[in-house]
Amino acid sequence: MKVFKDYYHNTVKLVLGKEAFSKQPKHVWVITRYQGQWLLTKHADRGTEFPGGKVEHGEDAQEAAIREVKEETGGHVSRLNFIGQYYVDGKAGHIIKNIYFANVDEIEDQEHYFETEGPVLLNDIPRNIKKDDRFSFMMKDEVLVHALKVVREKYINKEA
């Protein structure tokens, strides 16, 4: 288990490879690729980030991950892989979130992208992302660092 402080100085506990805190988490975050690029979305308030959100009534976390990618980017998930789970002990309570890696095989133009401005494609994630105001706070802590390491080692090198 990795323990650290997030952007807002909340305690975060991250476990890679298993559901350590809940079999039914209420939130998901999806690191997404499309045709060799990172597929993100631009949240209207927070900035650029990977898609994610709440698990809705009647769906499981995997279904929520696929739905959130579609709603926020227009992306159709072709493969979804579980990366890990993290627990944030925040000021207003705690959040448990599953992290996934998804390959998208198609991006469909949509009239509406819910609370986002639609898809954003990047060749690389900036090294100085913690100081880049274009990106959401969710992209600025150790969750991204550790999850990207897993994604690169297990999945990206196999794209070629």
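Just a few scattered comments:
- Spin-label proximity, M1 to the range 72-88 - amide N less than 18 Å from point 7 Å beyond Cα toward beta carbon: 84-88
- The longest part of the chain holding none of the exposed loop trypsin sites (Lys or Arg not before Pro), meaning those outside H, G, I, E and B in DSSP with at most 13 other Cβ atoms within 10 Å, is 24-90.
- ³J(HN,Hα), Karplus 6.51/-1.76/1.60, whole Hz, each residue of the range 97-109, x for Gly, Pro: 9, 7, 10, 10, 10, 10, 9, 10, 9, 7, 10, 9, 5
- Ordered from longest to shortest, the equivalent ellipsoid semi-axes for the range 35-95 are 21, 16, 12 Å, each the square root of 5 times a Cα gyration tensor eigenvalue.
- Part-to-part distance (alpha-carbon centres) for the range 84-160 and the range 34-80, which is given in Å: 9
- Charge tally around D6: other residues with Cβ under 13 Å, Lys/Arg +1 each, Asp/Glu -1 each, net +4.
- Entries of K42/K131; K26/K131; K2/K42; K70/K97 with Cα pairs more than 26 Å apart: K26/K131; K2/K42
- Rounded, prolate or oblate (a/c below 1.5 giving rounded, otherwise prolate when a/b exceeds b/c) for the range 64-159 by Cα gyration tensor: rounded
- Here, the chain yields an orientationally averaged convex hull projection of 9.1 nm² when only Cα atoms define the hull.
- Of the GluC sites (Glu not before Pro) in the range 96-160, the ones in a loop by DSSP (not H, G, I, E or B) with at most 11 other beta carbons within 10 Å are E108, E111, E159.
- In the range 55-89, the GluC sites (Glu not before Pro) that fall in loop regions by DSSP, at most 15 other Cβ within 10 Å: E56, E59
- Computed label-point distance, nm, for sites H9 and E59 using a 7 Å Cα→Cβ extension: 3.6
- Relative exposure of V69, V55, V150, judged by other C-beta atoms within 10 Å (fewest first): V150, V55, V69
Since every read-out is calculated from the coordinates, none of them should be taken as a lab result. Predicted, not measured: the structure shown is a model, and the values here were computed from it. For neighbour counting, all protein chains shown are included, and Cβ atoms are generated from backbone atoms with ideal geometry for every residue, glycine included.
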